[in-house]
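Each remark here refers to the structure printed beneath this line.
The values are calculated or read from the model by the stated rules, or taken from the named source; none is laboratory data. None of the values given here were measured: they were computed from a predicted structure. Methodologically, a virtual Cβ is constructed for each residue, glycine included, from the backbone with ideal geometry; neighbour enumeration extends over all protein chains shown. Only protein heavy atoms, including side chains, enter the accessible area calculation; ligands, DNA and RNA are left aside. Shrake-Rupley method; radii C 1.70, N 1.55, O 1.52, S 1.80 Å.
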Amino acid sequence: MIVVGIPAYNEEKNIAGIIIKLQSVADLIIVCNDGSSDLTSTIAEKMGAVVINHPKNLGYGGAIRSIFLKAREINPDVLVTFDADGQHRIEDISKVLEPILNNTSDIVIGSRFLEQSTKIPKYRKIGIKTITGLTNATTNIKLTDSQSGFRAYNKKVLGELTPSDYGMGVSTEILIKANNKKFRISEVPITVLYEGNTSTHNPVSHGTSVILSTMKFISIEHPLKFYGIPGIIFLAIGLFFTVWTIQAFTATRQIITNVALIGIGTILIGTVLLVTSIMLYSLVNVVRERR
Ligand SMILES: Nc1nc2c(ncn2[C@@H]2O[C@H](COP(=O)(O)OP(=O)(O)OP(=O)(O)O)[C@@H](O)[C@H]2O)c(=O)[nH]1
Ligand SMILES: [Mg+2]
């Protein structure tokens, strides 16, 4: 059974056409109306989709989470997530489905960078590549497009993974959690259409929120690396300035105030970072063992 989940926020222009086209490839369509103020929900219902209505706008991640929870109830063989703004092409669905149906992957990402068919605005490309780089750095998967919302998930992933980030950071969160559960992740080439202004929020807040939540998940997944390494660096700098202060004092019986202050300050920051990394590390492990 193939279920397609569509997160939709004020998409009355596109939703009807997308549902009609998807009915030729999907057994069931879930539309999560994320607090739209237009007719998105009514149209989706009339078109025969299963509609989840958020009373207010929760964010893209909130919509993906609701779709995951609804799909888990239905328990299909595959869940495909597909945007409602007309940027994703129906003809690419078979590509993301195939590795799931022949059981070579648990998660398949439709990547905009595997083929040169997508004319993506430069600022978006830089943003996506930066976040994909961060995601690759913290996981041992090598992706080209960690931010693509056009994905397929198999039954196992649906059963074991629950997205929690309500923002655009959910795309990275799912991959970091999937990597920890050793799920098989692969990419296939898709074409994303960027005609006209498709985006529903400004790129700066979009980019910043995604980078911040990516950092959040990295810090939770790798606290020793994320806090520990900077902690050691600060402590080393502090040690250097402290030795400098002591040497100057033994030589001149005078304390160089700013050097001493830098020494004390960096040692303090280093200690706080190190203690945080150890505490978070033990906390995360306790929580993991409980889960
Ligand atoms: N932006 C945004 N999209 C949402 C939200 N909730 C659901 N969506 C849907 O999530 C999908 C992706 O949102 P987009 O704004 O298109 O994000 P994007 O594709 O990364 O950005 P663009 O390339 O600029 O379109 C669309 O189908 C939106 O309708 C929300 O709170 N904000
Ligand atoms: Mg879009």
**Message:** With a 1.4 Å probe and all protein chains left in place, how much accessible area per residue does the chain have, in Å²?
**Reply:** 50
**Prompt:** If you stretched the chain out fully between LYS125 and THR250, how much longer would it get, using 0.36 nm times the residue separation minus the C-alpha to C-alpha distance?
**Reply:** 39.4 nm
**Cα-only radius of gyration and Dmax that characterise the chain, units Å** = 23.6, 85
**Request:** Pull up the cross-link candidates among the aspartates and glutamates for LYS177, meaning alpha carbon to alpha carbon under 16 Å and not fewer than 8 places away within one chain.
**Result:** ASP106, GLU160, ASP165, GLU221, GLU289
**Asked** Among GLU173, GLU98, GLU11, which one shows the biggest mean-square fluctuation in a GNM of the chain, springs joining Cα atoms closer than 10 Å?
**Response** GLU98
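Run the accessible area of the chain with a 1.4 Å probe and give the carbon-and-sulfur part as a rounded percent.
For the chain, the apolar C and S fraction of the accessible surface comes to 63 percent.
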**Asked** Excluding ligands and nucleic acids, what accessible area in Å² is computed for ILE256 using a 1.4 Å probe, to the nearest 10?
**Response** 70
**Message:** Given the options LEU283, ILE233, PHE68, identify the residue whose Cα lies farthest towards the positive end of the charge dipole of the chain (+1 on Cβ of Lys, Arg; -1 on Cβ of Asp, Glu).
**Reply:** ILE233
**Message:** Can you tell me the orientation of helix 229-252 relative to the chain, as the angle in degrees between its alpha-carbon axis and the longest Cα principal axis, to the nearest 10?
**Reply:** 20
